[in-house]
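Enquirer: Structure below; questions to follow.
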Amino acid sequence: MALTQDIFATYRGPSTVMRRFLSQGRNEVRALLFLLLSGLLIFVAASPFQAREAQLDPEGPLAVRLYWSAFLWIFIMPLLMYAFAAAVWVLSRVARAGVSGFDIRLTLFWSLLASTPVLLLLGLVAGLIGPGIQLQVVGILWLCVFGWFWISGLLTAQGRTI
């Protein structure tokens, strides 16, 4: 199935998509691809806000803002996500949850990638409307969608159904 179809299918039933990914076996390249694509799409989502800020603050040129934004989202964020996944794995060992490190990474990275359509909306709201209640509502919506996907994926990886 195409990646975009998997993303749309995740909004209908995240457990079904995650069950299919987990049944395909351990594939670290796929998990890394999900993470790198997420970083690229988050960079694209942040671009309207960076353009807005460059327009409002002429001392920070847009090219510099986009460079550092790309560096953050494409290079630094994957490292932080791997560290976060490792911390979650340690906590899962303490809690004696039946989830492997790969399961945690795959569910986390897929949840981030599958929630990027809402992040793209968040970027548009941040760039066109700016700070305000609308931005907060869309941010909370993204957090809820991401949490729903990740928790559903973790429960699926444990063998539970929701």
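Bear in mind these aren't lab numbers, they're just calculated from the coordinates by the rules spelled out. Keep in mind that this is a model prediction, so the values were computed, not measured. Please note: Cβ atoms are built from the backbone with ideal geometry, for glycine as well, and neighbour counts cover all protein chains shown.
Enquirer: Pick out which of Ala126, Ala51, Ala85 has the largest mean-square fluctuation in a Gaussian network model of the chain, springs linking Cα atoms closer than 10 Å.
Expert: Top of the fluctuation ranking is Ala51.
Enquirer: At 4 °C and 1.567 mPa s, grab the translational diffusion coefficient of segment 109-162 from Stokes-Einstein with a Kirkwood Rh over Cα pairs, rounded to a whole number in µm² per second.
Expert: 109
Enquirer: Taking 0.36 nm per intervening residue step and subtracting the Cα-Cα distance, what contour gain separates Val94 from Gln24 on full extension?
Expert: Going from the current span to full extension adds 22.5 nm.
Enquirer: Got a sec? Which residues in segment 31-54 would a label at Ala87 touch, if it sits 7 Å along Cα→Cβ and we count backbone N under 20 Å?
Expert: Output list for this probe position: 35-36, 39.
Enquirer: Which value in nm describes the separation of the simple spin-label points at Tyr11 and Phe75, placed 7 Å from the Cα toward the beta carbon?
Expert: About 3.4 nm separates the two model spin labels.
Enquirer: Another question, then. Considering only the other residues whose Cβ falls under 14 Å of the Cβ of Phe49, what net charge follows from Lys and Arg at +1 and Asp and Glu at -1?
Expert: After counting each charged neighbour, the total is 0.
Enquirer: For the chain, give the magnitude of the charge dipole about the Cα centre (Cβ charges: +1 Lys/Arg, -1 Asp/Glu; no others), in debye to the nearest 20.
Expert: Dipole about the Cα centre, nearest 20: 680 debye.
Enquirer: Between the helical axis of 133-158 and the dominant principal axis of the chain, each derived from Cα atoms, what acute angle in degrees is found, rounded to the nearest 10?
Expert: That works out to roughly 20 degrees.
Enquirer: Same structure, new question: Would you mind calculating the gained length between Ile140 and Leu128 on full extension (0.36 nm times residue separation, minus the Cα-Cα distance), in nm to one decimal?
Expert: 2.5 nm
Enquirer: Next up: What's the FRET efficiency of Thr4 with Ile151 using the Cβ-Cβ distance as r and R₀ = 22 Å, to the nearest 0.05?
Expert: For R0 = 22 Å, the calculated efficiency reads 0.45.
Enquirer: So, one more: If you average 1/r across every pair of different Cα atoms in segment 1-103 and take the reciprocal, what Kirkwood value do you get, in Å?
Expert: Its Kirkwood hydrodynamic radius stands at 16.2 Å.
Enquirer: Here's something else I'd like to know. Stokes-Einstein at 37 °C, 0.692 mPa s, Kirkwood radius from Cα pairs: D for segment 57-162 in µm² s⁻¹?
Expert: 208
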